Amino acid sequence: MVRVLKAGKSQEELTKNSLEVSKIVANAIQEIESRGDEAVREFSEKFDKWSPEAFRLTEEQIKEIVAQVPAEVIEDIKFAQKNIREFAEAQLASMNDVEVENIPGVILGHKNIPVSSVGCYIPGGRYPMVASAHMSVLTAKVAGVKRVIACTPPINGEIPNATITAMYLAGADEIYLLGGIQAMAAMAIGTETIQAVDMIVGPGNAFVAEAKRQLFGRVGIDLFAGPTETLVVADETADAEMIATDILGQGEHGPTSPGALITTSEKLAHETVEEIERQLKVLPTADVARVSWDDYGQILLVDSIEEAVVEADRLAFEHVEILTADPNYFLENMTNYGCLFLGPETNVAYGDKVIGTNHTLPTKGAARYTGGLWVGKFIKTVTYQKVTPEASAYIGEYAARLCQLENFAGHAEQALLRVRRYGKKA
């Protein structure tokens, strides 16, 4: 039996908050679609107070920016990118073209073809998400995407040097100092100075996420990424300090970032609440983490590890940390999650920044049907078929009868033409 010791906001409250965001985004997209660069500049001035001569950085500007970044920062970026590149390359190696002859004379196959162009959004604001450059630009390049452009907003009117450096080192072909809805719409729709892409990816605030949702269809997207979610599953072997640290450490992302604990220990649950309150008194980002915990925090008390798996799969959270005596049990039995962090030695921050797995992951229950961003998201698996004359006549008879069964006369005639042309009597 599950006992709810703490609950977050209801779905009704969450839906109400999103309606105003949707209206603002729809208006901005419409303006950019009809007025192009002019509208992009107006929105950049309005939201970011940023109106440079050109939003795209030149090669010379980029090199000047990179030259200003401390050597240690560059070394750290390269360390993270090495890990992310190597894991992405291993994932790519797992994707093979296929060709089979399932019937004599019938050749079926599939090819893996990279998307031609991709636009990557790297968030700025309070938290310049340097790591998102690795996760999107670098992964797209490993996948074989020929044109990768990247956008990031200025921060308080300043160029985010480390973020630009990460984009450059990751292999971005074009870099734009442009943020928010205007960046997403410009990349997806295209303007006089920005050539449209085939796919847009990357995390962002509620407006960026909504822009992706509304632009999906005219371009592809990685996934609908909402506020960061963190679930910790713990038994009596875990400690409250670690649980509180890891929940609040992700809660600082934003005031709507859910954090949850599923535990078999009521004692640990109460200790965690006390520890969260203690840490909130000293955490520098407590102004944000406090709201995320108060409004979106959850604690579920379960009777067994088996029940913990059921509840964790029901929540289908983006990040799931397993702090139990046997973490591998969850690896073997859980099915709905963005990324698993098995054991106390790892944590979500490793995945967010440096270890090699991608940090753009499914939220809002999307883990029930999709994984996160990886090289495969940038690749189209397309099929083809080749048939000999004899096999065409053989297949044609079956195809014609099945088409007639569905009253598709024109379909049937396609098959019957081959039967007449390639059959034994021809």
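The values are calculated or read from the model by the stated rules, or taken from the named source; none is laboratory data. Just so it is clear, the structure is predicted and the values come from calculations on it, not from any experiment. Reconstructed Cβ throughout: ideal geometry from the backbone, glycine too, with neighbour counts over all protein chains shown. When the accessible area is computed, the model is the full protein with side chains, heavy atoms only, and any ligands, DNA or RNA have been set aside. Shrake-Rupley method; radii C 1.70, N 1.55, O 1.52, S 1.80 Å.
Taking every Cα-Cα distance in the chain and sorting them into 10 Å bins from zero, the calculated P(r) comes out as 4, 19, 25, 22, 15, 9, 4, 1, 0 percent.
Stretching the chain fully between Glu72 and Leu417 yields a gain of 117.3 nm (0.36 nm per residue, less the alpha carbon separation).
With Rh defined as the Kirkwood radius, the inverse of the mean 1/r over Cα pairs, the Rg/Rh of the stretch 289-357 is 0.97.
A Cβ-based charge dipole, computed about the Cα centre of the stretch 237-319 with Lys and Arg at +1 and Asp and Glu at -1, lands at about 240 debye.
Considering only alpha-carbon pairs that sit under 8 angstrom and 6 or more positions apart, the relative contact order computed for the stretch 346-426 is 21 percent. In this simple spin-label model, placing a label point 7 Å from the Cα along the Cα-to-Cβ direction at both Asp294 and Glu53 gives a separation of 4.9 nm.
Would you calculate, for the chain, the mean residue ellipticity at 222 nm contributed by helices, counting each DSSP H stretch of 4 or more residues as -39,500 (n - 2.57) and dividing by all residues, to the nearest 500? Display every interim value, and only then the final one.
Numbers: 17 runs with 200 residues, N = 426.
Per the formula, -14500 deg cm²/dmol.
Beyond 27 Å, how much of the Cα-Cα pair distribution for the stretch 1-129 remains, as a whole percent? I get 59 percent for the Cα pairs in the stretch 1-129 exceeding 27 Å.
Nonpolar atom fraction for the stretch 86-172, defined as the carbon and sulfur part of the 1.4 Å probe accessible area, stands at 56 percent.
Pairs spanning more than 19 Å between alpha-carbon atoms, out of Lys78/Lys353; Lys23/Lys46; Lys63/Lys212; Lys49/Lys212: Lys63/Lys212; Lys49/Lys212.
Using a 1.4 angstrom probe, figure out how much accessible area the stretch 324-426 has per residue, in square angstrom, rounded to the nearest whole. With the other protein chains kept in place, the stretch 324-426 gives 62 Å² per residue. Cβ-Cβ distance of Phe216 and Lys424, R₀ of 56 Å, FRET efficiency by 1/(1 + (r/R0)^6): the value works out to about 0.65. Per residue, the stretch 85-236 exposes 36 Å² of solvent-accessible protein surface, assessed with a 1.4 angstrom probe and all protein chains in place. Each part reduced to its alpha carbon centroid, the stretch 279-353 and the stretch 192-228 end up 27 Å apart.
Accessible area of the stretch 268-426 with a 1.4 Å probe: how many percent of it is carbon plus sulfur? Kindly include the intermediate steps, with their values, before the conclusion.
On the way: 4670 of 8620 Å².
Carbon-and-sulfur percentage of accessible area, whole number: 54.
Most tightly packed first, judged by the mean number of other beta-carbon atoms within 10 Å of their residues, the peptides 339-350, 161-172 read 161-172, 339-350. The Cα atoms of the stretch 37-102 cover 59, 38, 22 Å along the three principal axes, with the biggest extent listed first.
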